[in-house]
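Read-outs: derived from the displayed coordinates by stated rules, not from any lab. All of these numbers come straight from a predicted model, not from anything done at the bench. FYI the Cβ positions are ideal-geometry reconstructions off the backbone, even for glycines, and counts take in every protein chain you see.
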Amino acid sequence: MTLEQILLLSFIQGVTEFLPVSSSGHLVLVPALCGWRDQGLIIDVAAHIGTLGSVLIYFHKDVISLFKGSFSLLRGQFNENTQLLLNLVIATIPVVLLGLIFEKIVGGSLRSVTLIAWVGIVFGIILYMADKYGNLIESIRDTNLKRAFVFGLAQCMALINGVSRSGACLTAGRLMNYKRTDAARFAFLMSIPTITAAGTLKGYQLIKSDDLSMLNDAILMVFFSFVFGLGAISFMMYWLQKATLTPFVIYRICLGILLLVSVYAGFLNPITCN
């Protein structure tokens, strides 16, 4: 891979993992739009490692709380830290279970430009409605196991390319009247076990394939994905303190329309991006 390719892919992974615009959708689209081969497993694993690192660094205080919560739980103590830990566990269970089933049954058959376009538009509209009419009342401290499970179910929708994991979680949060920053914070914390699980699965597949031919490229991918991811989280948390999610909705709809026009005009293959 060229440095330009690594930079573009790491920018897309690092930024769109945390903005409600679908990282998987963009990573599928880039090879099709640029005429590149699919980036391969090792690059996907590297991108996951980089973005995971950015979450751990930005939310290091919450990560420390999770460690404290695990020790408190082992001692039979229940406090704010154990509540956060249990909430994240409950929120992660649905996507882990469904993700394994989804991978075996569906696999890459939904990596379709047309699907990504329509899904981007439809879920963009849903995100807009949730953000516009949801109240700004609840905080992350108000999260109980029931609400955590709802977040987890929403996260499962992101198994479909184009939905956006952060977008689905933000939608669920706003529907439950969470403040934007609190919905985003919980969504980003949810990404820790989710990205870890996805990266571990891809890492296992990589070990089985025994393909380390792009190791140097992968190291660069880790670094740049980390940098771009950290910037995206910082921007998103700052933005949501002052503004709504409408610009991201407009982007999703415009991108979806552009893709549909490109497909129906014959510029893009509508079947698959592989």
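Each 10 Å bin from zero holds the following percent of Cα-Cα pairs in the range 106-168: 19, 44, 27, 10, 0. Membrane-span-like helices in the chain (whole DSSP H runs, Cα extent of at least 18 Å along the helix axis, mean Kyte-Doolittle hydropathy of at least -0.5): 3-16, 41-58, 60-74, 80-105, 113-133, 180-209, 215-242, 246-264.
Comparing CYS156, CYS34, CYS169 in a Gaussian network model of the chain, where Cα atoms under 10 Å apart are tied by springs, the biggest mean-square fluctuation is seen for CYS34. Among the listed pairs LYS202/LYS242; LYS61/LYS146; LYS68/LYS179; LYS61/LYS242, a Cα-Cα separation exceeding 29 Å is found for LYS202/LYS242. By the Stokes-Einstein formula, at 1.306 mPa s and 10 °C, the range 126-274 with its Kirkwood radius over alpha-carbon pairs has D equal to 90 µm²/s. The percentage of C-alpha pairs in the chain whose separation is greater than 25 Å is 45%. A cut-off under 14 angstrom between Cβ atoms defines the neighbours of LEU127, and their net charge, with Lys, Arg +1 and Asp, Glu -1, is +4. Database remark: amide H of GLU138 closer than 5 angstrom to the amide H of TYR178, LYS179 (H placed geometrically; neighbours at sequence offset of 5 or more, or on other chains; Pro and chain starts carry no H).
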